[in-house]
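See below for the structure under consideration.
The values are calculated or read from the model by the stated rules, or taken from the named source; none is laboratory data. Here the structure is a predicted model, which is why all the values come from computation and not from measurement. Glycine gets a Cβ as well: all are built from the backbone with ideal geometry, and neighbour counts include every protein chain shown.
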Amino acid sequence: MTPTLFADLGLLIILLGLALLITAARPAFIAVAAYMAYGLVMALAWVRLAAVDVALTEAAIGSGLTGLLLLGAVAWSQRHTQFQARRLGLRPGIPRRAGAGRGLTLLVALACGGVSAGLAWVVLTLPEPAPSQVPLVQAALPITGLGNPVTGVLLVFRAIDTLLESVVLVFALVGVWSLASDPAWGGRPRSLHVVQHSGALVLLGQLLPPVGILMGLYLFWVGADAPGGAFQGGTMLAAMWLLVLSAGLAEVPAVASRRLRLLITGGPLLFLAVGFSGWAFAAGFLGYPPAWSKPLILAIEAALTLSIAAALAMLVAGPPERPTAADPQPDPQPERNQQRGHR
Amino acid sequence: MSFPILIIETLAGGRLLVLALVLPLLGALLAFSTGGRAARRIALVTALAGLVVAAAIALQLTSSAAALDYAFGGWAPPLGVSLRADGPAVMMLVTTALVIAATMVYAGVDFQPAAGQREGRSGLVFWTLLLALWAALNAIFLGQDLFNLFVALEILTFSAVPLVCLNGRAETIGAALRYLLFALLGSVLYLLGAGLIYGAYGLLDLGLLAARIQADAGAAPPALWLALGLMTAGLMAKTAIVPLHLWLPPAHSGAPAAASAVLSALVVKGAFFVLLRLWFDLVPVPAGWLLAQMQGALGAAAILLGGVMALRQTRLKLMVAYSTVAQIGYLFLIFPLAGADAAVAFITVGVALDAGTAALTGGLLQIVSHALAKAAMFLAAGRIAARLGHDRIDDLGGVGRAMPLTLLAFGLAGLSLMGLPPSGGFAAKWLLLRAAVETGQWWWSLAILLGGLLTAGYLFRVLATALREAPDDSAIADARAGTGPAAPGPALAILLLAGLSVLLGLVPLGYWELIQIGRPGLYQPLGMVP
Amino acid sequence: MSVLDLYSYLLIGLGVLFFCTGTLGLLRFPDALSRLHALAKADNLALGLVVLGLLPQASWPLGAMKLLAVWLFALLASTTVGQLVGEAIRRGDPFR
């Protein structure tokens, strides 16, 4: 057994163990923690498969950002069930049932097991070497002036998919905002304010962002020729913004802010504009004139990076809430005032 | 294997396909960016443009009698992604544009910001996501690429789910969450299947895949069958076929009427349309008698269960939602009817049809007529509930006198759902029935007939109550005094939808020519040479 | 095997030892604060040893500087997170 095979086997066992832990863990917090670890190990597995672009995205979005969202949901639901239910006599948002019936659990387990077994069998029957469009992409890549075939696929050959994906993010944000209460509409998301103003966090919020922003921009810039791109760079920028926001160094923008909305839609709108210009100057919608393709792609990626960063950060920040000071009976987080009182 | 990489845009008509997809998308982004009262104006302008584009595509298609194609950026598949408008796609495009435009007219004054507010929550979310949903549906109808279709399904999910809980009440948020979980399960299964197919063929384009699958007929790799099984299961969850229908009634009845209309009329059909693409375009030979029978059995179960449940409801909107469960059932009868011995030909209304074409025409006609009728019905139910302040079926007395136009629309839509001549629903069910009889699968005709009886049962109950005099007129009178004379726009929009769903039935066989456009020999069953 | 390789093996081995020690502390120590202590101290040292061990193997100067930067950022992050977790533990709030 070669050392690399040994290491891969180790990765696999850890992945399977974590997957089991995610499924079996009773407290949601443990499941989420295992999920974040799973994402990081999965990123390593992607690196082993030479899919560095996927690894970066998995680590940044799959583990980091999704993990953060899930963690926020766990924390919120814990507070909600503990405080709201007891003090305000409200029913928790999700009815706490004793869990699905044993029959249903068994059925789901059987279905999952069946699908897994089927997949395992079928994957072994797949043709070897795997049929792929890589030769075609390699042949066409010089026309685009790009060096990274992944970026070629994402922004040239299958640009429509990327355009639609970037728009999905905007609509997902609209969905999150739609959960606000009507009187709170237009205001600022306040979930990040709960974090205590801690000296260490403030220091990190001042030290890290310059480096992190540089790193995010680098990831977007290098995407044309090496692994990286708008999603990875945007996540990095979003993380830096969230750090500054949760350290209390800047205020979360109000959802009514037109500047914020234009920042969020700017990337997709520019993408669409370049797409339309393809009718006049190139082979069609979402085509680029050969001499201009690289600068145009960089411009789209730059705008997308900013839009993705803004949308991701606002997704984490959550729906707008009413300021608790103006609210005589603060129902969102009753314990928050208590903590303030202690300090 | 060699493919041309770059193709030059030849048909101007292709650009219309891009517009059909991109205009609502642009509208949604602009509506979200500007917000406020402008969101609604942007939506209305987009609706007008979208109607024109849909009509232009339909004209182009019928005049040239050939499908329209478009390759994004000039990159031909398999490298690039393409759109294609064939007959069924155009039927769906036009229906969607009509339903969305009528819904916008209906929703005109709802969702306005409260006095003193520049922008309301529900208004911004409704107008933005209605346009997003439209873009997603058009992308689904035109999509020719398995992954592109996945992204379109995702936009559909993310724009449909928030519409369910637009009123912000705890129970509708619960319904929306359940809908989200079902839809995401469907997405995961679909994506898994698409990945497997790419692993087996290295292709995602439906046309290229179909050619490859046909080329190695009979020796398709097991990966293809597992992938199709997974994708079918996923799309069934999104279509809400029994037993995966549990999410639908609370979600569709809890949403505001304008949202319910679009969700019930269009959104479930989006997922079903992908299912049709898989089983009619990707695998042109309807695969496997057993699988088709199973899908048909689920359809029959949905017709009966949905009908019985609708009969038992005491709330109008829940009844209409269960009626959707039943009507979706008819769609799944397409698979056994068009799949099994489809070589049987017969003559109806002077046109010779083979059973396969009859079943598919009937099925598509059912999609369209149900879309128009159900949108009309939900909007009518919404108006009634808004006027009365409740939607208890037993207390609907006097509605016939107070809101005759709305009730007329409700009745006309009901005509189509029941399948009474000359409605579109009648033509659809008649074609399905004939196909069942002619192919010797009489058991499906039982489900169709029983389903019609059940539908008649629950609709007559509503109509009979509504036409009764109110036991005491004060409730209606008060409500009327409160709202004042309603603007005629919404009532006319509802009436238009209901009327169209009835008029559809007047030219039932005009459709099968439209449906055939761009699909050479597609419904020619195995062994028959076109 | 050159002297540099030997040096690398030695330091990385030592680093792995410290990682194991830290993990042992995480698993066996009685309360959250001391577990945090075990992690913060041992893991940062372990990472430093691994980085120092890898330095001669990395390309000079960019690769080496990247390795050092990784250590630096890990130090910064674990210091801050340690502080935040510690504060949260003192407040008796397990989540924030």
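Per-structure values
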quantity	calculated
Candidate set: region A:62-79, residues that are of a type outside the set (A, V, I, L, M, F, W, C) and either under 23 Å from A:ALA7 (Cβ atoms) or within 9 Å of the chain's Cα centre (by Cα) (or both); chosen: the one surrounded by the fewest Cβ atoms within 10 Å (Cβ to Cβ)	A:THR66
B:LEU208 under 26 Å from the mean Cα position of the chain (by Cα) and in contact (Cβ under 8 Å) with a residue 12 or more places away in the chain	no
Criterion (surrounded by fewer than 21 Cβ atoms within 10 Å (Cβ to Cβ), farther than 12 Å from A:MET314 by Cα and aliphatic (A, V, I, L, M)) met by exactly one of A:LEU262, A:LEU286	A:LEU262
Test: residue in region B:53-73 that is within 21 Å of A:ALA159 (Cα to Cα), at pLDDT below 95 and either acidic (Asp, Glu) or assigned by TED's automatic domain parsing to the domain that holds B:LEU208 (or both)	yes
Candidate set from region A:261-300 (those that are touching a strand residue (DSSP E or B) at 6+ places or on another chain (Cβ under 8 Å) and among the hydrophobic types (A, V, I, L, M, F, W, C)); member that is nearest to A:GLY234 (Cα to Cα)	A:PHE285
All positions within region A:181-193 that are in contact with a helix residue (DSSP H, G or I) (Cβ under 6 Å, 6 or more places away or on another chain) and either among the acidic types (Asp, Glu) or facing another protein chain (nearest Cβ under 10 Å) (or both)	A:ASP182, A:TRP185
Candidate set: region B:101-149, residues that are surrounded by fewer than 24 Cβ atoms within 10 Å (Cβ to Cβ) and hydrophobic (A, V, I, L, M, F, W, C); chosen: the one farthest from B:LEU500 (Cα to Cα)	B:ALA115
Some residue of region C:40-58 being under 30 Å from A:HIS193 (Cα atoms) and either within 14 Å of chain A (Cβ to nearest Cβ) or more than 16 Å from the chain's Cα centre (by Cα) (or both)	yes
Output for region B:193-234, where each listed residue is over 21 Å from B:PHE335 (Cβ atoms), of a type in the set (A, V, I, L, M, F, W, C), more than 11 Å from every other protein chain (Cβ to nearest Cβ) and assigned to a loop (DSSP other than H, G, I, E, B)	B:ALA219
Selection status of C:LEU33, in contact (Cβ under 8 Å) with a residue 24 or more places away in the chain and either surrounded by fewer than 15 Cβ atoms within 10 Å (Cβ to Cβ) or more than 10 Å from chain A (Cβ to nearest Cβ) (or both)	yes
Which listed residue, of A:LEU173, A:LEU219, is assigned to a helix (DSSP H, G or I), away from chain C (no Cβ under 11 Å), buried (at least 19 other Cβ atoms within 10 Å of the Cβ) and touching a Gly at 6+ places or on another chain (Cβ under 7 Å)	A:LEU219
Lone unmet requirement of (1) at pLDDT below 90; (2) more than 11 Å from every other protein chain (Cβ to nearest Cβ); (3) surrounded by 17 or more Cβ atoms within 10 Å (Cβ to Cβ) for A:ALA59	(1)
Filter result for the condition that a residue is away from chain A (no Cβ under 11 Å) and not aliphatic (A, V, I, L, M), over B:PHE126, B:PHE158, B:PHE141	B:PHE141
Filtered residues of region A:147-170 (kept if more than 7 Å from chain B (Cβ to nearest Cβ) and either among the hydroxyl-bearing types (Ser, Thr, Tyr) or out of contact with any helix residue (DSSP H, G or I) (no Cβ under 7 Å at 6 or more places or on another chain) (or both))	A:GLY147, A:ASN148, A:THR151, A:THR162, A:SER166
Subset of region B:17-62 [of a type in the set (Ser, Thr, Tyr), in contact (Cβ under 8 Å) with a residue 60 or more places away in the chain and either surrounded by fewer than 24 Cβ atoms within 10 Å (Cβ to Cβ) or out of contact with any helix residue (DSSP H, G or I) (no Cβ under 6 Å at 6 or more places or on another chain) (or both)]	B:THR62
Residues located in region B:41-75, provided they are part of a helix (DSSP H, G or I) and not hydrophobic (A, V, I, L, M, F, W, C)	B:ARG41, B:THR46, B:GLY50, B:GLN60, B:THR62, B:SER63, B:SER64, B:GLY73, B:GLY74
In region A:122-131, residue modelled with the lowest pLDDT [restricted to those that are part of a helix (DSSP H, G or I) and facing another protein chain (nearest Cβ under 7 Å)]	A:THR125
Criterion violated by B:PRO490 - all others in (1) modelled with pLDDT under 90; (2) out of contact with any Gly (no Cβ under 9 Å at 6 or more places or on another chain); (3) crowded, with 20+ Cβ neighbours inside 10 Å satisfied	(2)
Filter pass, B:LEU166 being hydrophobic (A, V, I, L, M, F, W, C), facing chain A (nearest Cβ under 9 Å), surrounded by 21 or more Cβ atoms within 10 Å (Cβ to Cβ) and not in a helix (DSSP H, G or I)	yes
